[in-house]
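The structure appears below as C-alpha cells.
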Amino acid sequence: MQKLLAYLQLCRFAAVFTAMADIFLGYLLTHQDGFESEREFGLLLGSSSCLYLAGMVFNDVFDRQDDILERPKRPLPSGRVSLREAVILGSCLVLLGLALSSAAGMHSAIVAGLLTGFIFLYDGLLKSTPIGPVVMGACRFLNVMLGASTATLITGESATWSMPQLAVAAGLCVYIAGVTWFSRHEAAESPRWHLAGALLTVNLGLVMLIGFVLHWPDILGRSWNTALALGFIGIIINRRLLAAVVDPSPARVQASIKTMLLSLIILDASLVFFVQDDRLYAIAVALLLIPATLLSRLLAIT
C-alpha cells in the first residue's frame, strides 16, 4: 500500500480528474447528441488520463535534482520510488495513451502526438523559461482538442480544428498559462509582481470564456446564466489569488493553485451546461470534483 501511495503521489492522481473534465468538454462541445459513441469517448478519456499522469511523472523525473532541496518529501527524492521505476511507469503511460488515441482514430492520434510533444517540451526543456507557462497552456488547449478530435462535418470531413472548441480551448489555454505562471516559485516566497501578472493572465482566460458564452449562438437560452456562473467562479478564484498576493508565502500560493486547478472542473461543467440540452451531462462533469477534492487531501496536486 505504501508503494501504491507513492506511485499515486508521483503522478498527482488527484488532478487527473481535471484532464478528464476537459475531454468531457471537448467531446460534448462537438457532439450535440451527447455520447454518440461510448467507445470513442472512453478511448479519448483513457488517452488523456494516461498522458496527463505521464506528464506528472516525467515532471518529477526531470526535476529530481531540484526536488532534493526544495521538495525532499516527494516520491523520487525521498527514495520511495526509484528513478528506473518512474521512467518505466511514465513510458508505459505514454505508450498506452498514444495507443488508445490511435484506436479512436487518426485525428485523435495526431492530437495526442502533439500533446505528448508539448508535455515533453515543458517537462524537459522549457519549464523554467519565460515561455514555460505558454507551453503548459498549450497542453491544456490540446487536451480539450483531443476531446473534440472525433468530431466530423456533415460531409464526413474532420471538424477537430473548428469552432466552438477552438475558442473554448484558447480561453482555457490562457487560464492555465496564468496558473502555471502563478506556481513558478511555489516552493519559496513568490515575488508579488510575479503573482500579480499571473492573476491578470488567469482573469484574461476567464474573460475569454465569458466572452464566448455571450457571443456564441445562445440556442438554449443559457448564456447569461452560464456567464454569471463563470463570473462567480472567478470571484472565488480571485479571492484566493488576492490573499496570496498580499501574503506570498508557499502555503498561500499552493492553496491558490489548488483552488484554480479544481475550479477547472466547474468551469468545464458550466460550459457543458451552455451547449448541451440535457443538464445531466453538466452534472456528470461537476461530479468529477468530488473524487478530485477528496483525493487532493491525501495526494498533492502541485
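Computed from the coordinates by the stated procedures, all read-outs in this text should not be read as laboratory data. The structure presented is a predicted model; accordingly, all values stated were derived computationally and were not measured. A quick note on method: Cβ atoms are made from the backbone with ideal geometry, for glycine too, and the neighbour counts reach across all protein chains shown.
The table below lists the values:
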{"read-out": "Karplus (6.51, -1.76, 1.60) ³J(HN,Hα), θ = phi - 60°, over the range 147-155, in Hz, Gly and Pro reported as x", "value": "x, 9, 6, 9, 5, 9, 7, 4, 6"}
{"read-out": "Cα-Cα separations in the range 50-97 greater than 14 Å, expressed as whole percent", "value": "45 percent"}
{"read-out": "Farthest toward positive dipole pole in the chain [+1 Lys/Arg, -1 Asp/Glu at C-beta], among Thr150, Ala196, Ser270", "value": "Ala196"}
{"read-out": "Distance in nm between pseudo-label sites at Arg84 and Asn225 (7 Å out along the Cβ direction from Cα)", "value": "5.7 nm"}
{"read-out": "At q = 0.13 Å⁻¹, base-10 log of I(q)/I(0) for the chain (Debye sum, equal scatterers on each alpha carbon)", "value": "-0.89"}
{"read-out": "Cross-link partners of Lys3 among lysines (Cα-Cα below 20 Å; sequence separation of 8 or more within a chain)", "value": "Lys73"}
{"read-out": "Whole-angstrom gap from the range 76-147 to the range 25-54, using each part's C-alpha centre", "value": "17 Å"}
{"read-out": "Computed P(r) (all Cα pairs; the range 92-144; 5 Å bins; percent)", "value": "5, 22, 26, 22, 14, 8, 2, 0"}
{"read-out": "Nitroxide proxy distance, nm - points 7 Å out along Cα→Cβ at Cys92 and Thr155", "value": "4.5 nm"}
{"read-out": "Order by protection proxy (mean Cβ within 10 Å, highest first), peptides 151-160, 9-18", "value": "9-18, 151-160"}
{"read-out": "By average C-beta atoms within 10 angstrom, highest first, the peptides 227-237, 40-50, 179-189", "value": "40-50, 179-189, 227-237"}
{"read-out": "Under-5 Å amide H pairs with Thr152, H placed in peptide plane, nonlocal only", "value": "Ala159"}
{"read-out": "Karplus-derived HN-Hα couplings along the range 118-125 (A = 6.51, B = -1.76, C = 1.60, θ = phi - 60°), whole Hz, x at Gly and Pro", "value": "5, 4, 6, 4, 5, 4, x, 10"}
{"read-out": "Charge dipole magnitude, Cβ of K and R +1, D and E -1 - the range 201-302, Cα centre, debye nearest 20", "value": "380 debye"}
{"read-out": "Spin-label model distance (nm) - Leu287 vs Thr129, 7 Å beyond Cα toward Cβ", "value": "4.3 nm"}
